[in-house]
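Encoded as structure tokens, the structure appears first; notes follow it.
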Amino acid sequence: MTTTTFPQPQDAAQVPRFAGLSTFMRLPMVGPDRLDTVDIGLIGLPWDAGTTNRAGARHGPREVRNQSALMRKVHHVSRIAPYDLARVADLGDVALPPMDLMLGLDLIEAFYRRVHAAGVRPLSVGGDHLVTLPVFRGIARSGAVGMVHFDAHSDTNDSYFGGQRYTHGTPFRRAVEEGLLDPKRTVQIGVRGSVYDPADLDFAKAVGIRVVQMEEVAARSNEDLLAEARSIVGDAPTYISFDVDCLDPCYAPGTGTPEIGGMTTLQAQHLVRGLQGLNLVGADVVEVSPPFDVGGVTSLVGATMTFELLCLLADAHGQRGRLTPAGSAA
């Protein structure tokens with residue numbers, strides 16, 4: 001670790017993990033008027049207005065904050081010390097109405113436009129997966145991003161319930177249609193489970209999204225899969241979205257749409273770590289639903305994967321510098 005004056009997590013040897021204010025990684029809380037002092041912002045999105053079945057992901061950010069007290073300062077494998085590479089802070093939650101879906105989309109977009117204009121890489125904790133759409137609206141208006149997407153579901157359906165076009169099953173179809181997500185630079189890993197219709201994945205495949213179903217993940221080595229994913233997204237601006245339901249529900253029971261036959265936590269960690277070096281402009285962890293959790297295990301998964309992603313974003317900042325409003329390295 002280097003000597004730095006960057007913000008550091010509260011020392012658990014001085015203040016026990018169960019004491020003090022709960023923030024992501026026990027970092028300082030920074031308001032939106034001080035974005036110039038932040039390189040990577042951890043942001044809570046306590047919202048599940050896009051959920052189609054089991055609600056509860058609105059409580060995800062709070063419980064992930066609690067479990068993130070267990071995270072330490074240095075990654076045990078990569079040796080990345082994120083708080084020495086970048087100024088990292090908790091930017092708080094976006095204040096969102098639980099019942100007004102369209103207003104919630106607008107409020108998230110406005111918040112992320114401000115974050116992006118300040119050159120901050122956002123690392124978000126949801127919230128259901130619909131939150132990624134307004135995040136893209138905030139950070140990708142100047143150019144479509146690529147994406148590595150870990151999920152049991154493609155989230156490229158068109159509509160639900162007779163015409164509802166904004167749910168956690170539709171964000172990436174909308175993002176492609178709005179020119180925010182480059183489908184030919186998008187790979188989805190871990191997709192599985194029964195579908196509503198044989199044509200459910202037709203849109204994703206027709207526009208060029210690489211859908212890697214879980215059976216293929218199981219049949220290939222991590223190294224082989226990572227090589228393909230890295231070749232797909234290339235060196236252009238890329239986003240990582242991690243839905244905890246990519247994991248088998250024995251590892252992440254607290255989620256809205258569990259699907260058996262998923263990844264182990266270790267496999268997911270290895271895959272995420274293998275994305276180090278990409279031109280990352282942001283990331284998120286979504287669909288942690290504490291009301292369905294058992295012993296806080298899913299929230300701990302959320303906190304751990306958030307730390308894994310934080311290390312990648314800090315490395316990207318260290319290698320490429322602060323973002324410009326256009327989404328490229330300064």
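The values are calculated or read from the model by the stated rules, or taken from the named source; none is laboratory data. Just so it is clear, the structure is predicted and the values come from calculations on it, not from any experiment. Methodologically, a virtual Cβ is constructed for each residue, glycine included, from the backbone with ideal geometry; neighbour enumeration extends over all protein chains shown. Ligands, DNA and RNA are stripped out before the accessible areas are found, and what is left, the full protein with its side chains, is counted by its heavy atoms. Shrake-Rupley method; radii C 1.70, N 1.55, O 1.52, S 1.80 Å.
Mind checking which residues of the stretch 84-133 are at positive phi and touching a helix residue (DSSP H, G or I) at 6+ places or on another chain (Cβ under 7 Å)?
Quick first cut of the stretch 84-133, residues at positive phi only: 92, 119, 127.
Selection gives Gly127 alone.
Of all residues in the stretch 56-72, count the ones that are open to solvent by 70 Å² or more (accessible area, probe 1.4 Å) and either farther than 20 Å from Gly127 by Cβ or not in a helix (DSSP H, G or I) (or both).
Total meeting the criteria: 2.
Out of the stretch 275-308, which residues are closer than 17 Å to Thr264 by Cβ and among the polar types (S, T, N, Q)?
Within the stretch 275-308, Thr298, Thr304 qualify.
Mind telling me which of the residues Leu275, Leu323 ends up being farther than 26 Å from Leu70 by Cβ, in contact (Cβ under 8 Å) with a residue 40 or more places away in the chain and open to solvent by less than 20 Å² (accessible area, probe 1.4 Å)? Reasoning before the result, please.
On the way: Leu275 fails: farther than 26 Å from Leu70 by Cβ.
So the residue among Leu275, Leu323 that is farther than 26 Å from Leu70 by Cβ, in contact (Cβ under 8 Å) with a residue 40 or more places away in the chain and open to solvent by less than 20 Å² (accessible area, probe 1.4 Å) is Leu323.
Taking the condition open to solvent by 40 Å² or more (accessible area, probe 1.4 Å), of a type in the set (A, V, I, L, M) and either over 18 Å from Arg62 (Cα atoms) or modelled with pLDDT under 95 (or both), does Leu300 pass? Steps first, answer last, please.
On the way: open to solvent by 40 Å² or more (accessible area, probe 1.4 Å): yes; of a type in the set (A, V, I, L, M): yes; either over 18 Å from Arg62 (Cα atoms) or modelled with pLDDT under 95 (or both): no.
Judged against the criteria, Leu300 is not a match.
Here is a yes/no grid of residues against (1) within 30 Å of Leu105 (Cβ to Cβ); (2) open to solvent by 20 Å² or more (accessible area, probe 1.4 Å); (3) modelled with pLDDT under 90:
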residue	(1), (2), (3)
Pro7	no, yes, yes
Ala12	no, yes, yes
Ser22	yes, yes, yes
Gly31	yes, yes, no
Arg34	yes, yes, no
Ile40	yes, no, no
Ala49	yes, yes, no
Arg54	yes, yes, no
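In the stretch 24-54, how many residues are in a loop (DSSP other than H, G, I, E, B) and in contact with a Lys or Arg (Cβ under 6 Å, 6 or more places away or on another chain)?
Step one: filter the stretch 24-54 for residues in a loop (DSSP other than H, G, I, E, B), giving 27-28, 30-31, 38-39, 46-54.
Within this subset, residues satisfying the condition of being in contact with a Lys or Arg (Cβ under 6 Å, 6 or more places away or on another chain) are 38-39, 46-48.
Of the residues in the stretch 24-54, 5 are in a loop (DSSP other than H, G, I, E, B) and in contact with a Lys or Arg (Cβ under 6 Å, 6 or more places away or on another chain).
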